[in-house]
Amino acid sequence: MTVAKFLSLCLPIFPYIYISMDRRLIVILAVCLVEAGFRLLSGYIFVDGLIYTLMARLVELTVILVFSYRLCGVMTASISKELAIGLGTAAVFGSCVLAIDLVSRIFMEKGLLSQLLSEQPLDHWVAFFFIGCLIGPFVEELFFRGLLYAWMRESLGASVCIILTSLLFSCLHGNISVIQLTGGILFASIYEWRRNIWAPFIVHALANIGIWIIPHIHLFM
């Protein structure tokens, strides 16, 4: 059988394959390819690291919103309510973290946070805030919770999905650390509760701000 004949037989089937597949899975695979492509090309494109990260996240954001807008967790009856829930959850979680740090000072001279966090440079802080505390968390919530978690949740239990997506979330950041793993579990748990990405996004964004700012506060370090 020639290649031309093989393609003539297969091409009519492709639209049905696309329709039968979960669109979320297709977008998940597309975003993974985009991320892999940017990481492979990072050594050959000489731009600032923050700008390069912004480029990758904007491409991924475009893919997600264009091809799966109604399936990625942005749809909700009241965004303002979800944002308020996110702020409240972040306040409770942040208070618990600070309380744990204070208790840990009984056993550690500088507390637990000094062992887990390190100072991030304050150069280009506007760009870092925009990319690392707003755009980055938003795209990550769309992908990990709005798409990946929701897709896995159709066939797996909540606890399994929370653990698996949290491990993948942590791995994306380079290594499985306590901070990233805790964050992944927290964000996925909030998504399981609210079934949209707005509350976990707020908690994620504020957590990133805390991780960035706290090491520069002498009281904690």
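The values are calculated or read from the model by the stated rules, or taken from the named source; none is laboratory data. Quantities reported herein were computed from a predicted structural model and do not represent experimental measurements. All Cβ positions, even for glycine, are placed from backbone atoms using ideal geometry, and neighbour counts span all protein chains on display.
Here are the numbers for the structure shown:
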| item | result |
| --- | --- |
| Condition check for residue 208: outside any helix (DSSP H, G or I) and buried (at least 18 other Cβ atoms within 10 Å of the Cβ) | no |
| Number of the condition not met by residue 192 [criteria: (1) of a type outside the set (Val, Ile, Thr); (2) closer than 16 Å to residue 91 by Cα; (3) at pLDDT 95 or above] | (2) |
| Helices (runs of 4 or more DSSP H) wholly inside the range 113-187 that include at least 1 residues being buried (at least 16 other Cβ atoms within 10 Å of the Cβ) and among the hydroxyl-bearing types (Ser, Thr, Tyr) | 158-172 |
| The one condition in (1) of a type in the set (Val, Ile, Thr); (2) without any contact (Cβ under 8 Å) to a residue 12 or more places away in the chain; (3) closer than 18 Å to residue 211 by Cβ that residue 139 fails to fulfil | (2) |
| Residue that is within 22 Å of the chain's Cα centre (by Cα) and either modelled with pLDDT under 95 or closer than 19 Å to residue 49 by Cα (or both), where the choices are 97, 92 | 97 |
| Number of positions in the range 42-75 that are of a type in the set (D, E, K, R) and either over 29 Å from residue 25 (Cβ atoms) or free of Cβ contacts under 8 Å to residues at least 12 places away in the same chain (or both) | 2 |
| Any hit, the range 64-73, residues being touching a Leu at 6+ places or on another chain (Cβ under 8 Å) and either farther than 27 Å from residue 35 by Cβ or small (Gly, Ala, Ser) (or both) | yes |
| Residue in the range 26-39 that is in contact with a Ser or Thr (Cβ under 7 Å, 6 or more places away or on another chain) and over 30 Å from residue 125 (Cβ atoms) present | yes |
| Subset of the range 142-157 (residues that are touching a residue at least 60 places away in the same chain (Cβ under 8 Å) and within 13 Å of the chain's Cα centre (by Cα)) | 142, 143, 145, 146, 147, 148 |
| Single match in 104, 78 (criterion: of a type in the set (Ser, Thr, Tyr), surrounded by 13 or more Cβ atoms within 10 Å (Cβ to Cβ) and free of Cβ contacts under 8 Å to residues at least 12 places away in the same chain) | 104 |
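Yes/no matrix, rows are residues, columns are (1) part of a helix (DSSP H, G or I); (2) surrounded by 10 or more Cβ atoms within 10 Å (Cβ to Cβ); (3) modelled with pLDDT under 95; (4) of a type in the set (D, E, K, R):
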| position | (1), (2), (3), (4) |
| --- | --- |
| 11 | yes, no, yes, no |
| 18 | yes, yes, yes, no |
| 24 | yes, yes, yes, yes |
| 34 | yes, yes, no, no |
| 43 | no, no, yes, no |
| 53 | yes, yes, yes, no |
